[in-house]
Structures are given as structure tokens and as C-alpha cells.
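Reviewing the structure listed below.
The values are calculated or read from the model by the stated rules, or taken from the named source; none is laboratory data. What you see is a predicted model; the values in this text were computed from it and never measured. With ideal geometry, Cβ positions are generated from the backbone for all residues, glycine too; neighbour counts draw on all protein chains shown. These area figures cover heavy atoms from the full protein model, side chains too; ligands, DNA and RNA do not enter into them. Shrake-Rupley method; radii C 1.70, N 1.55, O 1.52, S 1.80 Å.
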Amino acid sequence: MNDRDWATGIDPSRASVARVYDYLLGGAHNFSADRDIARTLEAIEPQARAIAAANRAFLVRAVRFLAAEAGVRQFLDIGSGIPTQGNVHEIVRGVAPDARVVYVDRDPVAVAHSTALLDGDPNAAVVQADLTRPADILGHPTVRKMIDFGEPVGLLLVAVLHFITDEQDPRGVLAELTAPLAPGSHLAVSHGTHKQETGEAVTKVYRRAVAQGEPTLRTPEEIGAFFTGFDLLDPGLVHGPLWRPDSPGDVPDDPSRFWFLVGVGRKP
Ligand SMILES: C[S@@+](CC[C@H](N)C(=O)[O-])C[C@H]1O[C@@H](n2cnc3c(N)ncnc32)[C@H](O)[C@@H]1O
């Protein structure tokens, strides 16, 4: 895809959550408005890039676990973002070549790039939809075609639930999304949590400058409640780098500096 194709119909003067994250991960699908916001965030939180990378690394470890150890063969990745290194369908295929993946994002740039990447792939697809409207996702023809709700599903909500405000009822959204999932389904979540003034300052930057980007940081209790109806697997709800690290050397001295909490739960 050339630059003009993916930028068609986008307002480049307004930063987007997906493109700011893409920039922090070292991607190239962002505009100067996104880079300005990312730099403002970095001025407040010098670790912003490391935090983005640690979040992505959690996603990779969780998906590998779900495919290799939990035997999950179909994935619904909501708030999937702009394709980057370690895309879900690439990870699962390393384990199960016929596994199916549906990506969902509301961001047009994320959807355009995913569409281009997956062109002609029979076992992976992308849907443009909003997490706050679960019925649109569950009833989407592509989701219905690709996901067999009689079999376990890996539901991924990685770094997206904090973009749902309390007024948008994230617990209600989760209840609706998880109700049709078969026993043996898994839920993987990462979510921004409080870190004194830094978290508040970052939230303010997003609120001011990012289209539809009002993060709500939540307490461990609030994030843990998202796993209602699921058994939280070891090591429970922890700071990102602490979730089943590939090696002990990957765990930083103070993991709480990575102020997001993660967990994986199994539906009994
Ligand atoms: C920080 S990125 C996370 C990408 C990926 N899940 C990861 O962790 O690497 C957040 C993504 O969620 C998407 N997003 C935010 N709110 C959403 C909503 N209400 N519905 C669907 N996608 C949403 C954004 O467009 C963005 O692509």
C-alpha cells in the first residue's frame, strides 16, 4: 500500500491512539500530530516507549501461551492496532498453522493496514467496529464466519479497555462479549493502572489532543473485576513484565514502573 492509500479520508491534524502507539513502537504509520503527542507523552513519562514495547511483549507471550499450552485455535483480538512485529496470526501460526484470527479496531488506519496485510488470507480477517458496541462485533458476518462459538476462543483486550470510560460500562461490555464464549475460552487483558501524577498527566494529554482517546486508569480491584466468570491463571494480575517472562533476566528491577496490569483468565 502506498502512503496516499492508507491516508485517504484521515484527518492528519488529529492524533489517534493507534498511530501514537505505532510511533512509540517504532512504526512508520503515523503523522506529525501523532509524533508530537508521543513526544509530549515521553516528556512526562520517559519510559513511554519501553512501556509500549513491554505491553506488546506481553501480548506475544500471552498469545503464544494460549496457542501452545492452552490449545486455543481461534482468536478475537479487539483493539488490535496497526500491524507491527508479533502480530497475533503470525504468532499462532508458529504453533497451529490452521488457527483463525479476527482483528477488530475502530481506527481506519489500523483497519486499512490490517486489510492490506491479510489480503487473500483465508484464516485471518479484520473488522472495523467499536468495542463499546459488542453486538456489532459478535453479529458481524466476518466474525460469525470465522469464529465457531461452540469451541474455545482467545479473546484479547490488550491495552484497549482503558479507552472505555466508566460511563461506557466496560463491565457490561465484557459481560456481553464473554457470554457466548465456550468453556475453555480465555481472556487476556492489559490495562493502564495508577502511577501517581504521571498517569494523571498522561491522561490529560490524551484527553486534550487525541481523537476519541480518553484513557481511564483503573485500580487492581477494578481491573481484576473484568475477569468475572473467568479463573485467573498464574501468576494472577501483575505488572506486565511479571507475566510469565521468557527468562528471569527480562524482569526489570522495579516492574511497577511499567504501570499497566495484565492477566489471563480461563472460562471454566
Ligand atoms: C494502545 S493500542 C493497542 C494495540 C494492541 N492491542 C497492542 O496491545 O499491541 C489501542 C488500540 O485500541 C483501539 N481502540 C481504542 N478504543 C477502541 C474501541 N472503543 N473500539 C475498538 N478499538 C478501539 C485503538 O484504535 C488502538 O488501535
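Of all the criteria given as (1) at pLDDT below 95; (2) under 26 Å from D119 (Cα atoms), the one not satisfied by S80 is (1). Scanning the stretch 52-79 for residues that are open to solvent by less than 30 Å² (accessible area, probe 1.4 Å), in a helix (DSSP H, G or I) and more than 16 Å from the ligand (Cβ to nearest atom) turns up just one, A67. Candidates are the residues of the stretch 122-160 that are without any contact (Cβ under 8 Å) to a residue 12 or more places away in the chain and within 13 Å of the ligand (Cβ to nearest atom); the one that is nearest to the chain's Cα centre (by Cα) is R133. In summary, G27 fulfils each of the numbered conditions (1) away from the ligand (no atom under 13 Å from the Cβ); (2) assigned to a loop (DSSP other than H, G, I, E, B); (3) in contact (Cβ under 8 Å) with a residue 40 or more places away in the chain with the single exception of condition (1).
Could you please let me know if A175 is of a type in the set (A, V, I, L, M) and out of contact with any helix residue (DSSP H, G or I) (no Cβ under 7 Å at 6 or more places or on another chain)? Spelling it out, A175 is indeed of a type in the set (A, V, I, L, M) and out of contact with any helix residue (DSSP H, G or I) (no Cβ under 7 Å at 6 or more places or on another chain). Which pairs do you get when a residue that is under 13 Å from G154 (Cβ atoms) and open to solvent by 20 Å² or more (accessible area, probe 1.4 Å), found in the stretch 80-105, comes within reach of a residue that is away from the ligand (no atom under 15 Å from the Cβ) and not polar (S, T, N, Q), reach meaning Cβ atoms under 6 angstrom, with the pair 6+ apart or on two chains? Taking only residues 6 or more apart or on different chains, the pairs are V95/A67; V95/A68; R100/M146. One residue alone among R19, R39, R49, R35 is more than 23 Å from L187 (Cβ to Cβ), open to solvent by less than 20 Å² (accessible area, probe 1.4 Å) and either out of contact with any Cys (no Cβ under 9 Å at 6 or more places or on another chain) or away from the ligand (no atom under 11 Å from the Cβ) (or both), and that residue is R19.
Conditions tested, residue by residue: (1) under 25 Å from D34 (Cα atoms); (2) surrounded by 13 or more Cβ atoms within 10 Å (Cβ to Cβ).
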site	(1), (2)
L177	no, yes
P183	no, no
T216	yes, yes
T228	no, no
P235	no, yes
W243	no, yes
F260	yes, yes
V264	no, yes
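What residue, among those in the stretch 6-16 that are outside any helix (DSSP H, G or I) and surrounded by 15 or more Cβ atoms within 10 Å (Cβ to Cβ), is nearest to the chain's Cα centre (by Cα)? Don't jump to the end; show me each part of the working.
Of the residues in the stretch 6-16, the ones outside any helix (DSSP H, G or I) are 8-16.
Now narrow it down to the ones that are surrounded by 15 or more Cβ atoms within 10 Å (Cβ to Cβ): 10, 14-16.
Numbers: I10: 22, R14: 21, A15: 18, S16: 15 Å.
Here the answer is S16.
Somewhere in the stretch 180-198, is a residue assigned to a helix (DSSP H, G or I) and either within 12 Å of the ligand (Cβ to nearest atom) or not polar (S, T, N, Q) (or both)? Scanning the stretch 180-198, I find at least one residue that is assigned to a helix (DSSP H, G or I) and either within 12 Å of the ligand (Cβ to nearest atom) or not polar (S, T, N, Q) (or both), so the answer is yes. Counting only residues that are within 21 Å of L24 (Cα to Cα), open to solvent by less than 70 Å² (accessible area, probe 1.4 Å) and free of Cβ contacts under 8 Å to residues at least 40 places away in the same chain, the stretch 106-121 holds 2 of them.
Given the criteria assigned to a loop (DSSP other than H, G, I, E, B), free of Cβ contacts under 8 Å to residues at least 60 places away in the same chain and at negative phi, does P235 qualify? Give the derivation first.
Details: assigned to a loop (DSSP other than H, G, I, E, B): yes; free of Cβ contacts under 8 Å to residues at least 60 places away in the same chain: yes; at negative phi: yes.
Spelling it out, P235 is indeed assigned to a loop (DSSP other than H, G, I, E, B), free of Cβ contacts under 8 Å to residues at least 60 places away in the same chain and at negative phi.
Yes or no: T84 of a type in the set (V, I, T), within 19 Å of the chain's Cα centre (by Cα) and within 13 Å of the ligand (Cβ to nearest atom)? It is true that T84 is of a type in the set (V, I, T), within 19 Å of the chain's Cα centre (by Cα) and within 13 Å of the ligand (Cβ to nearest atom). Only one of the listed residues (T203, T198, T142) is modelled with pLDDT of 95 or more and of a type in the set (V, I, T). That residue is T142.
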